[in-house]
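Student: Provided herewith is a single structure, encoded as structure tokens, for subsequent inquiry.
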Amino acid sequence: MMTLDDIRRLDPKNIGSWPAPVKLGLLLITLVVIVIASYFLDWSNQLEAIHAAAKKELALRDTFIDKKKQAIDLDAYRNQLAEVEKSFGTLLKQLPGKSEMEALLTDINQAGLGRGLQFELFKPAAQETLTEFYAERPINIRVTGNYHDIGAFASDIAKLSRIVLLQDISLTPNKDGVLAMDAVAKTYRYLDEEEVAQQKKSAKDKNKAPKK
């Protein structure tokens with residue numbers, strides 16, 4: 001077994017004459033130094049690049065899975081869109097055109113008279129409220145009659161082939177047991193192609209207008 005003095009007497013200029021255990025120890029120390037130096041000088045950067053690439057791979061894999069799922073669901077989305085467009089078209093058909101509005105107002109009036117009600121007020125708003133596809137016109141009404149006839153009138157309005165909504169309903173007792181009903185009947189009509197184009201142009205111009 002070599003002592004510390006034996007190690008001190010070794011000739012660094014003649015390593016070939018050193019004992020085999022010492023040569024092996026020196027080789028191991030050199031190898032460790034090379035590995036440590038390589039890690040700090042080069043390998044650490046490579047490991048960071050590998051980790052970054054692994055994270056990128058996971059992100060790309062998640063993106064691929066998400067896109068694949070969207071592609072699989074594309075037909076379902078198209079079918080849903082077709083159903084929505086079909087439902088929208090059905091609802092649109094329940095709206096009268098501009099030329100049919102007078103007939104709708106007559107239908108509302110006749111629904112009340114047919115139930116024996118008296119109209120004390122039937123006043124359509126002077127202007128319509130326009131949206132992208134339809135126009136809304138409220139009608140302030142006041143009718144008098146008994147409770148049963150007023151209820152039947154409201155039911156008849158709901159059953160009209162065209163959409164009419166009764167809102168802001170209030171009932172007040174009148175003389176001789178007669179009730180008075182005040183309400184707002186909201187009527188709707190679809191816009192013709194020219195009106196739709198004008199609405200889209202107005203919306204586009206509004207979006208382009210500079211914000212103050």
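The values are calculated or read from the model by the stated rules, or taken from the named source; none is laboratory data. Quick caveat, the model's predicted, so the values are computed rather than measured. Reconstructed Cβ throughout: ideal geometry from the backbone, glycine too, with neighbour counts over all protein chains shown.
Student: For Gly112, indicate whether it is on the phi > 0 side of the Ramachandran plot and not aliphatic (A, V, I, L, M).
Tutor: On the way: on the phi > 0 side of the Ramachandran plot: no; not aliphatic (A, V, I, L, M): yes.
Answer is no for this residue.
Student: Continuing with the same structure: For region 82-109, which positions are among the hydrophobic types (A, V, I, L, M, F, W, C) and either at pLDDT 80 or above or under 16 Å from Ala158 (Cβ atoms) (or both)? So that I can check it myself, show each step before the final result.
Tutor: Residues of region 82-109 that are among the hydrophobic types (A, V, I, L, M, F, W, C), as a first pass: 82, 84, 88, 91-92, 95, 101, 103-105, 108.
Listed by number, the residues that qualify are Leu91, Leu95, Met101, Ala103, Leu104, Leu105, Ile108.
Student: Look through region 127-150, keep the residues that are under 39 Å from the mean Cα position of the chain (by Cα) and over 18 Å from Tyr190 (Cα atoms), and return whichever of them is surrounded by the fewest Cβ atoms within 10 Å (Cβ to Cβ).
Tutor: Restricting attention to region 127-150, the residues satisfying the condition of being under 39 Å from the mean Cα position of the chain (by Cα) are 127-141.
Retained after the next criterion (residues that are over 18 Å from Tyr190 (Cα atoms)): 140-141.
Working: Asn140: 14, Ile141: 24.
This residue is Asn140.
Student: Picking from Leu60, Leu28, Leu74, which residue would you name as being modelled with pLDDT under 75 and aliphatic (A, V, I, L, M)? Break it down stepwise before answering.
Tutor: Working: Leu60 fails: modelled with pLDDT under 75; Leu28 fails: modelled with pLDDT under 75.
Being modelled with pLDDT under 75 and aliphatic (A, V, I, L, M) holds for just one of Leu60, Leu28, Leu74, which is Leu74.
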